[in-house]
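Remarks on the structure that follows.
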Amino acid sequence: MQPIRVFIADDHELVRYALRTMLDDEPDIDVVGESEDGEGVVRAVSEVEVDVVLLDLRMPGIGGVEACRRITESCPDTRVLVLTSFDDDEEIFGVLGVGASGYILKDTRPDRVVEAVRSVHDGQ
């Protein structure tokens, strides 16, 4: 079975490092790249084969909602899992409305993040 190819997009280097470290420990997950802004993730997803994007909602340049819209339009097989610190219904409904497969809060336990990546990859 091919590993789940994950791309991490978050403007905080520490968050990207923690996610990469956590996901790299999983035998069925391969982190294929990361970006600190919306433009970078949109560009990278068009160049690298990605199954799941872990996408922060609030980043410099284009934000998470617009980045999600562009990703889901240009790469419909790529699933987007939004990662956010904010439990703001308007933003969450906005990103779900443009194609995100789900969202998790940044204070979620690490094992739940891994579980969410697998679930989104499997179409849940």
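A few points about this structure:
- Total charge dipole magnitude, the chain, about the Cα centre, Cβ charges on Lys, Arg, Asp, Glu only, Debye to nearest 20: 140
- Cα gyration tensor shape of the chain, rounded if a/c is under 1.5, else prolate or oblate by comparing a/b with b/c: rounded
- Fluctuation leader among Arg112, Arg58, Arg20 - the chain, Gaussian network, Cα springs under 10 angstrom: Arg112
- Under a Gaussian network description of the chain, with springs only between Cα atoms under 10 Å, the residue in Leu55, Leu81, Leu96 that fluctuates furthest is Leu96.
- Amide H partners (placed H, <5 Å) of Tyr103, local residues excluded: Val82
- In order along the stretch 69-82, the phi-based Karplus estimate (6.51 cos²θ - 1.76 cosθ + 1.60, θ = phi - 60°) of 3J(HN,Hα) comes to 4, 5, 5, 5, 6, 8, 9, x, 7, 7, 9, 10, 10, 7 Hz; Gly and Pro are listed as x.
All of the numbers you see were taken from the coordinates with simple rules; none came from a lab. Just so we're clear, the structure is a prediction, and the values are computed from it rather than from any experiment. Cβ atoms come from the backbone with ideal geometry, glycine included; neighbour counts cover every protein chain shown.
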